[in-house]
Amino acid sequence: MLKFLLGLFTGVLLVFLGGILLLVILVQFRDRPPEIASNSVLVVRLEGEIPEKPAMEVPFVDNPRAAVTVASVWTALRRAAQDSRIRAVVLEPEGLSVGWAKLEEIRGDVEQFRKSGKPVFAYLRNPSAREYYVALAADRIYLGPEDPLMLKGMRAEILYFQNTLAKLGVSVDVEHDGKYKDFGDMFTRADMSPETKEVLNSLLDELYGNLVDRIATARRKQPDEVRTLIDQGPFSAPDALQAGLVDELRFEDQMWGELRQRLQIGEPNKLALSRYLKASPRTVPRNHFALVVAEGDIVRGDPSDDGGEGLTSYGFDKLLREAAADPLVKGILVRIDSPGGEVTASDEIWREMSLVSRKKPLVISMSDVAASGGYYMAMTGDPIVAYPETETGSIGVVFGKPNLHGLYDKLGITKDSVQRGRNAGIDSDYTSLDAAQRALMQRGIDQSYHEFVAKVATARNRAMADIEPVAQGRVWLGSQAKPRGLVDQLGGLDTAVTLLKKKAGIYAGEDVGLLLYPGRRNLLDLWLKRSQDDALETKLRAVFGRVPFRAWMRGGLLRMMPEWIEVR
């Protein structure tokens, strides 16, 4: 019987491995570069989130959205501008849920493409301010005849759980350095603190002013006129046309008909972004930069991490070392989209980035958010580029620990314990901190905060006394951070690449290729890496936002910004 079961198991295993091998072979044949026809129009469809890292590949499933990343849009539009087979671009943003910095990158990429003289038409379906913001870079904006334009200003909301937790019998101990370090307020308050309102009003003033200026420039209006218009929104399609916010009300086929007339060609070849990216480029750059993506909450992870999932110090440090060791890589561009996380993990990433910076030229590009631990990791002394809309800074440290005693009582659960050492239970979820324990934790927070400020002062070549007033845990936008010396330049990938060329001694006008780290993952990678902890954390984040719960539940020190702020 044992031999039979062993043989059965071996047979199933061989069939499984053989299937995987066959699948890999078939995928290789399937992924031959497509041929691009003349008179092609590149269709850039943007939906939902636009990540920095590429999504997982599923064999034989053509998912155009999986190919869309910030870097892939940048690459495709620059390639298309020089490709004679591409006659125009049709931009189709719909249901976007990304930050304003990424929107600025894509809007700028479209403007850069237009310098080639090729037209860009934007077609909008039920657009919000986000989709409209991207479309402002187009030559002409088309709106469906019955589609409203949901342009109505900006509003920032924060979710608070103090009253809910009180009903459940849960309390949370929070200690922090910096009067603006409001991470944890969602658990301990029912409304915004005065400091939080001060920061949010400052951020909204900048974001709203930028939106108004972009609309005014693109639609040839005065800023005051745009502010008056927005106060009348949202707009029906006819009202949006009458207000001069769009150019035409058309169905999509009618928009394509007008584009054909503009190009004076027959039926164009509609080319999806994902397909164009798979085509072989007409020219291959001589030099390449590594684009190393730091996306997500910073946690330590474990030694098996390869950088494909999340932002762990183990995995990200491996990516940095791989890029530094690659002889094809002439420079490293670190792209940060992170609200921070664990203190130890952000420190380990900072250390590796500092080491890599001594081996190869390095420039840092900040995306939607690079704050707290996400800002800390960038303190290598290398040039930092941020968008005017990038949330950054938040130089501070916070500690939090939940007390679930009341919840256990409601459920009929009790805990009993014995201990040696006065503070052995300092991280217990059955007790709150006493005064001495709070003082002990505050001492550690003070030390970590001082180290944070000192690193910023050293990296930014400033005195500690200059950094302290702009620290205090306060979140700044890039447009506010630059005059305060927290970043070097305002711009996106173009600006960062130009700086890196200069550091690497490469001619400014020469094209360079970007080698993405990490590369694309497949289904097998997901099966091998996915864990129960990851699945649980995903469910918790759906309720509470992007909180690193494994660190929080352990009572960990965090360099974390209030990432659950949502500006709509």
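Ordering of 276-282, 383-389, 234-240 by packing is 383-389, 234-240, 276-282, highest average first (other Cβ atoms within 10 Å, averaged per residue). For the residue pairs Lys115/Lys501; Lys270/Lys501; Lys318/Lys360, alpha carbon separations beyond 27 Å are given by Lys270/Lys501. So how far, in whole Å, is the C-alpha centre of the range 310-355 from the one of the range 236-278? Result: 42 Å between the Cα centres. Legend: residue pairs Lys179/Lys401; Lys455/Lys502; Lys102/Lys181, Cα-Cα distance threshold 22 Å; pairs beyond threshold, Lys455/Lys502; Lys102/Lys181.
With Cα atoms defining each centre, the range 431-479 and the range 117-136 are spaced 42 Å apart in the structure. For Ser394, the residues 5 or more places off, or on other chains, whose built amide H falls under 5 Å of its own are Ser372, Arg474, Val475, Trp476. Among the protein heavy atoms of the range 312-426, carbon and sulfur supply 52% of the accessible surface, probe 1.4 Å, non-protein parts ignored. Straight-distance candidates among the aspartates and glutamates for linking to Lys330, with alpha-carbon spacing under 16 Å and chain neighbours fewer than 8 residues away dropped: Glu322, Asp382, Glu510, Asp511. Based on Cα contacts under 8 Å between residues 6+ apart, the range 137-213 shows a relative contact order of 34 percent. In straight Cα distance, which lysines are under 21 Å from Lys221, not counting same-chain residues fewer than 8 positions off? Qualifying lysines at Cα under 21 Å: Lys152.
The values are calculated or read from the model by the stated rules, or taken from the named source; none is laboratory data. Please read these numbers as outputs of a predicted model, since none were measured by experiment. Because the Cβ atoms are built from the backbone with ideal geometry, glycine has one as well, and the counts that use them run over all protein chains shown. Heavy atoms of the whole protein, side chains included, go into the accessibility calculation; ligands, DNA and RNA do not. Shrake-Rupley method; radii C 1.70, N 1.55, O 1.52, S 1.80 Å.
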